[in-house]
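Every read-out reported here was derived from the displayed coordinates using simple, explicitly stated rules and does not represent laboratory data. Here the structure is a predicted model, which is why all the values come from computation and not from measurement. Note that we place each Cβ from the backbone using ideal geometry, even for glycine, and neighbour counts take in every protein chain shown.
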């Protein structure tokens, strides 16, 4: 069996609790002899693909987008 998890964050990219939760879930599935792939954002110094504790992590570069809080939202 194979599982694909899609997550906005995955270690070492941690902004809140999602990354930690998805990591624990993925590693638990690996312990159950399930092949686990995680698709997440990356870029910078992070590899595009790596094996982290049995979990195959695929990272795609994310665009840098920031909105200033004093800007009006687009119409």
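Before moving on, here are some points about what is shown:
- Test: residue in the stretch 43-64 that is in contact with a helix residue (DSSP H, G or I) (Cβ under 8 Å, 6 or more places away or on another chain) and assigned to a loop (DSSP other than H, G, I, E, B): yes
- Selection count where residues are without any contact (Cβ under 8 Å) to a residue 40 or more places away in the chain and either touching a helix residue (DSSP H, G or I) at 6+ places or on another chain (Cβ under 8 Å) or surrounded by 13 or more Cβ atoms within 10 Å (Cβ to Cβ) (or both), scope the stretch 1-20: 10
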